[in-house]
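To keep things clear, I will list the structure first and then write my remarks on it.
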Amino acid sequence: MLNQFSRTQLLIGQEGIDKLMQSRVAVFGIGGVGGYAVEALVRSGVGAIDLIDDDRVCLTNLNRQIHATRKTVGEYKVDVAEERIHEINPDCVVKKHKTFFMPDTASQFDFSDYDYIVDAIDTVTGKIELVMRSNAAGTPVISSMGAGNKMDPTAFEVADIYQTSICPLAKVMRKECRKRGIESLKVVYSREVPTRPLEDMSISCRQHCICPPGTARKCTERRDIPGSTAFVPSVVGLIIAGEVIKDLTAEILHDD
């Protein structure tokens, strides 16, 4: 019967669609990368998605985050993302966590409940904890490396963390993963040399903070405020979603 997933079914078959509908994916970080990953996952037919982010939509998010509009500024990203998901697929089961993932909040999650985990958060400490918890639960994870200060969306590729180079975040992650005995980690990264953001105080969040009231962690607290575009984080998120879909249906497609 013709339905909203029919075009996907032409490629992965009914068994593949059934597999995705029975899968639960957790997306940690619903920003420029994570938002597009969620978009592609729900449009592909993933039946249950957990959204983990405690941030609110900011005016400066409009240049790159799919759920950010003038209407949604000030709202929690997970609330806006849930509404968008249900406008696409009302049957998708959404669980929201207004949580900033770090070691001290990791106990709120049972990682064995998930079929796949997407790491689209910014902090190294949180990313390492997420990878460690995922590995301990035996749940596959894919991690986004640096998308900020990048201009070439065609430069991103999928690799193991120990095969990466140039990317500053990947360098730190390699060191931390090696230190903890993490043998492998699938990542999306770019070997493009980051562009140094302009030091223009007239458009700097440091002097013109517009974070919505109640924002837990403002950009002014960050060491560096990265530049970003509409066409880089989105590509990273879509690549990540593609890897998740491919891995979830790999056994079925291989058997065919």
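A compact table of results
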quantity	calculated
Residues of region 98-114 classified as aliphatic (A, V, I, L, M) and surrounded by 15 or more Cβ atoms within 10 Å (Cβ to Cβ), total	1
Filter result for the condition that a residue is modelled with pLDDT of 95 or more, more than 24 Å from residue 189 (Cα to Cα) and among the acidic types (Asp, Glu), over 113, 119	113
Positions within region 115-136 being surrounded by fewer than 16 Cβ atoms within 10 Å (Cβ to Cβ) and within 20 Å of residue 25 (Cβ to Cβ), in sequence order	136
Top-ranked residue in region 231-256 [being at pLDDT 95 or above and among the β-branched types (Val, Ile, Thr); ranked as farthest from residue 117 (Cα to Cα)]	232
Conditions (1) exposed (fewer than 14 other Cβ atoms within 10 Å of the Cβ); (2) at pLDDT 70 or above; (3) among the small types (Gly, Ala, Ser); number of the one not met by residue 170	(1)
Where a residue in region 182-195 is more than 29 Å from residue 138 (Cα to Cα) and its partner, wherever it lies, is surrounded by fewer than 23 Cβ atoms within 10 Å (Cβ to Cβ) and among the acidic types (Asp, Glu), with Cβ under 7 Å and at least six apart	192/152
Hits in region 230-253 (condition: β-branched (Val, Ile, Thr) and assigned to a helix (DSSP H, G or I))	235, 236, 239, 240, 244, 245, 252
The listed residue being hydroxyl-bearing (Ser, Thr, Tyr) and over 23 Å from residue 38 (Cα atoms), out of 154, 164, 105, 139	164
Members of region 132-148 that are at pLDDT 95 or above, assigned to a loop (DSSP other than H, G, I, E, B) and in contact with an Asp or Glu (Cβ under 9 Å, 6 or more places away or on another chain)	139, 140
Pair list, Cβ under 8 Å, 6 or more apart: region 74-89 residue in contact (Cβ under 8 Å) with a residue 24 or more places away in the chain, other residue in a helix (DSSP H, G or I) and surrounded by fewer than 20 Cβ atoms within 10 Å (Cβ to Cβ)	88/43; 89/43
Which numbered condition residue 102 misses (of (1) at pLDDT 95 or above; (2) out of contact with any Gly (no Cβ under 9 Å at 6 or more places or on another chain))	(2)
Condition broken by residue 129, with the remaining ones in (1) in contact with a Pro (Cβ under 7 Å, 6 or more places away or on another chain); (2) modelled with pLDDT under 95 satisfied	(2)
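The values are calculated or read from the model by the stated rules, or taken from the named source; none is laboratory data. As the structure is a prediction and not an experimental result, all values here were calculated from the model. We place every Cβ from the backbone using ideal geometry, glycine too, and count neighbours over all the protein chains shown.
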